[in-house]
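To keep things clear, I will list the structure first and then write my remarks on it.
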Amino acid sequence: MQMNRRRFGTMALGALAAPGLARHAAAQSRRGVVMLAFPGGTSAAWKKFYCEPFSAASGIPAQIVEMTDPTSWYMGRGSEFNCSIANPVDYALYQQGKVEAMKIADYPILQKIPEAFWTRVDAEHVLGMPVYQQVYGIAINRNFVKPGEITSWFDLAKPQYKGKVGMGGFTDIYEVPWFSRITGGSETNQESGLELYRKIAANLLTIPGSMAQMVQLLQRGEVIAAPFYSARVWTLKKSGQTAIEMVIPREGVPLIPYHLQLSRSGPDMDAARRFATFSAGAEPAARVADAIGYFPVNREAAFPGDFQALMGVTPEEWAARVVPMDYVAIGKTRLQMRDRIDQINANIGKG
Amino acid sequence: MRFPGYLNWLLMTPLALMLVVVLYGSLELMAQAFVRPDGWGFGNFPAFFARADYVRAFFATHMIAAIVTAISLVIAWPTAHTMARHPASRSWLVPLILTPLLTSLVVRTFGWMVVLGPNGLVNDALLALGIVNEPARLLFNMSGIVIGLVHVFFPFAVFSIYNALTRIDPDLPEAAMALGSGPVRTLFKVTLPLASTGIINGASIVYLLSTGAIVTPLLLGGPGNQMLGTLVYVTIFSYFDFPRAATVAIVLTVSALAVVALLTLADRFLNRHMSVAR
């Protein structure tokens, strides 16, 4: 074939357009479960404990796509996925028509899950399939904090901890709404929570940029106490470290339930719906709990045998201290609260 | 060797691909910055400058970038000078400068926490020597960001200056010395002016990279040390607010390019007024 400039130009344009066309075609023809999940432990656990057994049992392929923040992906793009792991605070995604509500009658397995873990959209629908839970307690480094020294969330504001406290990156979802609950406010009135946050923020060393950094700071004792995820503490203790422990303060701890949410416009939604039912089963829940510390919501699933040894309380004592939160209400005002928290943070250390 | 015409076009394909991606991304970004809740408009920019914490982040970004650039140049000059004038030193200086670049940025940044953290090596030494009574705050503030960014970016200044120094005819400084100019006078009247383009190029690279830094400020800065790069990151991943993030990104890009344009003008000015020396 004789190559001239025009022919070459046509071929080059075709080559440039080909990846986009191929990607579009692939997305349209995708079959099976294509799930968005946080990278790292969560993604690995979903592959091992949910996707592989589901595919083996059903013959439906199931794959995980890792995304640092699945919610921002949903917000920014139309869905190329048919489900994702999420926190109920993502209610806004449902309001924006990006997530499909699940009809309770279509999912009998929901009857095995206490309603405390459901996020109702209306009388007949829930936002997603509850799959597991963790709590947000206070992680301490016991080489620097004596037993019984920190027993309340208010202790984090004590002057003796100046420059030694850490804080998570989602203060608008967890810390401030929870501080509001323990100071007489609520998820819809968070002024008192902001006030307690401001006091604790005066003790901050930093707000770590990632969970890995928080773990490093806690392990090294740079941060000696911080509101933190129970699943992370569980994983650390499972791996053999002994310095970091989880304190369940006397005011209790906020429950963080997770659910598998379905995209409204993803490919092969039937596969995703079957996967949702599978994900709420007792067997994968027990295995995930043992491996990465996300505890079961299905009544038939057992808590890990070494739960008391690692977390210091029995599952029953744990359940008694856990407080369900209204994440839908939190989700409705979280961006405004985040703005206010960021402005508080901007003034930390500036008198 | 002369290639047939179409082969030259073929060689341009990667460039064309890059241009398409960059142009598409830039246009998409610019369009996003004008999206308002009620349609389209310029309102995102006044809203940016109406927020005290954003304005503070704007000035902090440029102040940190300026400090990082200045410190990098001060460290880079003697390093590059040594490499240019004593070629044998390159065998150990180049690996010394480049080896840290082979490590992940996140790992290097975490390393600084082990060295400079409240329980780190430096504070342990300061406490042991009785210089301080309690750990000095070397991280999670502006100094932490500056230290981290200088470590990451100063090699770019070194190689830019080194490249300029190797182009200087060694006879010129020697001639100046032979004519009675002392080492300091030779440095300021001959070597520095001749290397000015390399210095300014290095400064531009370090400045641009510093203004857009995300990982280092996130990991080594404190909650009150927001920079524009981290602001873009947080605005997308915490607020999911793409128009606001695009606005911050444009403010960042335009202001950083303005500084680089000034540096370029300074370079042209120096070139024009030192043409005799060249």
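Only the coordinates and a few stated rules stand behind these numbers; no lab work does. None of these values were measured; they are calculated from a predicted model. Positions of Cβ are generated from backbone atoms using ideal geometry, with glycine treated the same way; all protein chains shown enter the neighbour counts.
Work out the P(r) tail for the stretch A:235-303: percent of alpha carbon pairs separated by more than 13 Å, whole number.
74
Once you have the alpha carbon radius of gyration of chain B, what is it after dividing by 2.2 N^0.38 Å, with N set to its residue count?
1.22
Please report the net charge: other residues with Cβ closer than 10 Å to the Cβ of A:Val323, K and R +1, D and E -1.
Computed value for this residue: +1.
Quick one: compute the contact order of chain A, relative version, from alpha carbon pairs under 8 angstrom and 6+ residues apart, as a percent.
The normalised contact order for chain A reaches 25 percent.
Per residue of the stretch B:80-86, what does 6.51 cos²θ - 1.76 cosθ + 1.60 with θ = phi - 60° give for ³J(HN,Hα)? Whole Hz please, x for Gly and Pro, Karplus curve as stated.
Ordered by residue, 3J(HN,Hα) equals 5, 4, 4, 5, 6, 8, 10 Hz.
When Rg is the radius of gyration of the Cα atoms in the stretch A:125-173 and Rh is its Kirkwood radius, what does Rg/Rh come to?
Radius of gyration over Kirkwood radius for the stretch A:125-173 works out to 1.12.
If you wrap a convex hull around the Cα atoms of the stretch A:83-168, how much volume per residue is inside, in Å³?
Looking at the stretch A:83-168, the number lands at 166 Å³ per residue.
Please compute the Cα-Cα pair-distance distribution of chain A with 10 Å bins starting at 0, giving whole percents from short to long.
5, 23, 31, 23, 11, 4, 2, 1, 0
So what is the 222 nm mean residue ellipticity for chain A from helices alone, if each DSSP H run of at least 4 adds -39500 (n - 2.57) and you divide by all residues, rounding to the nearest 500 deg cm²/dmol?
Taken over chain A, the calculation gives -12000 deg cm²/dmol.
When we measure straight from the Cα of A:Lys112, which lysines land under 17 angstrom away, once same-chain ones fewer than 8 places off are left out?
Within reach: A:Lys103.
Take the Cα pairs of the protein assembly as shown, get the Kirkwood Rh, then feed it into Stokes-Einstein at 37 °C and 0.692 mPa s and tell me D in µm²/s.
118
Please report the relative contact order for the stretch B:152-228, taking Cα pairs under 8 Å with a sequence separation of at least 6, and give it as a percent rounded to a whole number.
41
Positive end of the charge dipole of chain B (Lys, Arg +1 and Asp, Glu -1 on Cβ, about the Cα centre): tell me which of B:Val132, B:Leu262, B:Ala213 has its Cα farthest that way.
Of the candidates, B:Leu262 comes out farthest on the positive side.
Mind putting together the pair-distance distribution for the stretch B:16-159? All Cα pairs, 10 Å bins, whole percent per bin, short to long.
In whole percents, the pair-distance histogram is 9, 21, 27, 25, 12, 5, 0.
Normalised by the residues of chain B, what does the relative contact order come to in percent, with Cα pairs under 8 Å and at least six apart?
The value is 26 percent.
Helix check for chain A. Which DSSP H runs span at least 30 Å along their own axis by Cα, with a mean Kyte-Doolittle hydropathy no less than 0.0?
A:5-29
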